[in-house]
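The values are calculated or read from the model by the stated rules, or taken from the named source; none is laboratory data. Quantities reported herein were computed from a predicted structural model and do not represent experimental measurements. So basically every Cβ, Gly included, is an ideal-geometry build from the backbone, and we count neighbours across all protein chains shown.
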Amino acid sequence: ESTINKIAAGEVIERPASVVKELIDNSIDANATDIRVEIKGSGTKSILVVDNGSGMSHQDASLAFTKHATSKISSIEDLDRVLTLGFRGEALASIASVCRVELTTRQENDISGTRVVVDSSGIKSISPAGSAVGTSIVVNDLFYSTPARKKYLKSLRTELANITDVVTRHAVAHPGISFTLVSDGKVIIRSPSSGELFDSIVHLYGADVARSLVPVEFRSEFVSISGYISKPELTRSGTDLQAFFINGRSIYSRVIANAVRLGYYTLLPKGRYPAAFLKLEIDPFHVDVNVHPTKREVRLSHEKEIESAITTAVEQALSTADL
Ligand code: ADP
Ligand code: MG
């Protein structure tokens, strides 16, 4: 069985926010400390992502849009210890199949950079180009080649909310990286880059949320948990004040949301959720991120132990807090 087969193909790009997510993931994997996202028309007209990461060599840049070209894993075994956000090597290929894309990139020691222009019919041109160190990608005319998909887009306001959510989650997950989101010329997000999760929460979710937070710090055999939860006074009817990260990857998990809730016992009114920003460090060997192409869902071995560790972490944090 080849690595390619194990990495089942799938639809990665559903909406503008998926493009933003994949491009930011790549910038983070390239060790960028500054990531700027500029969108027009909620991303349907254009999405520009500029990073100051490692950049690509001329050769890597020419291969980047080839399906299953990834510089991040080279064997099936590597799938068991994925620490980079990307590894399937299909994001850029998928994006280029539904949009017009222009990539400009340069590595630190290269004299000249590279520009690659590509659209759904393939690579249009590869040429040397002046460039700062890092990578900038412009994605134009989203879904121009798949009008059917375009019809499924929600209102511009919803698409913008989705993009804001993606950038916010990445910014909370990586407090050391400075994120900027500009929509139609207006700055929506400018994250601090102090490296402190708390600073990012204050900035992204507001002082009222930050005031109610209780630190969480807990370690068990299978997981090490850190972050913040709210005192029971701060609740929401949904989980919009929750963000969970496993090894730096933002994930959605009912299981974790429930494990957190359980830690509050009867302190929460029915159907209400606390704020929770939790970073879980788990041996990558026990985390399967290859469940879904978007990698937002993960499968955990020792799930029961990890759930109960989360509940205990929450109980402990609340018991020492001044409620
Ligand atoms: P994956 O991230 O799964 O490897 P992608 O299609 O997202 O696949 O990207 C393909 C390859 O292009 C990456 O493996 C990486 O080598 C390169 N690449 C993409 N974006 C960047 C970037 N912003 N900086 C440096 N390299 C990048
Ligand atoms: Mg990627």
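Brief remarks follow.
Residues are listed down the side, and each one gets a yes or a no for (1) assigned to a strand (DSSP E or B); (2) surrounded by 14 or more Cβ atoms within 10 Å (Cβ to Cβ); (3) modelled with pLDDT under 95; (4) not hydroxyl-bearing (Ser, Thr, Tyr):
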site: SER131; (1), (2), (3), (4): no, yes, yes, no
site: SER136; (1), (2), (3), (4): yes, yes, no, no
site: LEU153; (1), (2), (3), (4): no, yes, yes, yes
site: VAL167; (1), (2), (3), (4): no, yes, no, yes
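- When the range 229-248 is filtered for residues that are in a loop (DSSP other than H, G, I, E, B) and under 10 Å from ALA275 (Cβ atoms), the ones remaining, listed by number, are LYS231, LEU234, THR239, ASP240, LEU241.
- Residue, nearest to ligand 2 (Cβ to nearest atom), within the range 94-120, restricted to residues that are among the hydrophobic types (A, V, I, L, M, F, W, C) and surrounded by fewer than 19 Cβ atoms within 10 Å (Cβ to Cβ): VAL117
- Single unsatisfied condition, THR312 versus (1) free of Cβ contacts under 8 Å to residues at least 40 places away in the same chain; (2) in a helix (DSSP H, G or I): (1)
- Per this entry, LEU85 is not counted among residues that are within 16 Å of ligand 2 (Cβ to nearest atom) and modelled with pLDDT of 90 or more.
- Residues considered: SER250, SER230. Of these, the only one that is under 18 Å from the mean Cα position of the chain (by Cα) and in contact (Cβ under 8 Å) with a residue 40 or more places away in the chain is SER250.
- Number of the exception - HIS68 against (1) within 7 Å of ligand 1 (Cβ to nearest atom); (2) on the phi > 0 side of the Ramachandran plot; (3) modelled with pLDDT under 75: (1)
- Failed item in (1) in contact (Cβ under 8 Å) with a residue 24 or more places away in the chain; (2) not in a helix (DSSP H, G or I), with THR266 passing the rest: (1)
- Residues that are among the polar types (S, T, N, Q) number at least 2 in the following strands (runs of 3 or more DSSP E) confined to the range 174-228: 178-183.
- Residue among LEU204, LEU153 that alone is in contact (Cβ under 8 Å) with a residue 40 or more places away in the chain and not charged (D, E, K, R): LEU153
- Checking PHE245 against (1) more than 22 Å from PRO175 (Cα to Cα); (2) modelled with pLDDT of 85 or more; (3) surrounded by 16 or more Cβ atoms within 10 Å (Cβ to Cβ); (4) not hydroxyl-bearing (Ser, Thr, Tyr), the condition it does not meet: (1)
- Leading residue by the ranking (nearest to ALA148 (Cα to Cα)) among those in the range 18-34 that are in contact with a Leu (Cβ under 9 Å, 6 or more places away or on another chain) and not charged (D, E, K, R): VAL19
- Out of VAL291, VAL255, VAL260, one residue alone is under 29 Å from ILE28 (Cβ atoms), at pLDDT 95 or above and either out of contact with any Gly (no Cβ under 6 Å at 6 or more places or on another chain) or assigned to a helix (DSSP H, G or I) (or both). It is VAL260.
- Cβ-Cβ distances below 6 Å connect the following pairs, each with a first residue in the range 40-56 that is assigned by TED's automatic domain parsing to the domain that holds GLY176 and over 14 Å from ILE137 (Cα atoms), a second residue that is at pLDDT below 95 and part of a loop (DSSP other than H, G, I, E, B), and a separation of six or more residues or different chains: THR44/LEU142.
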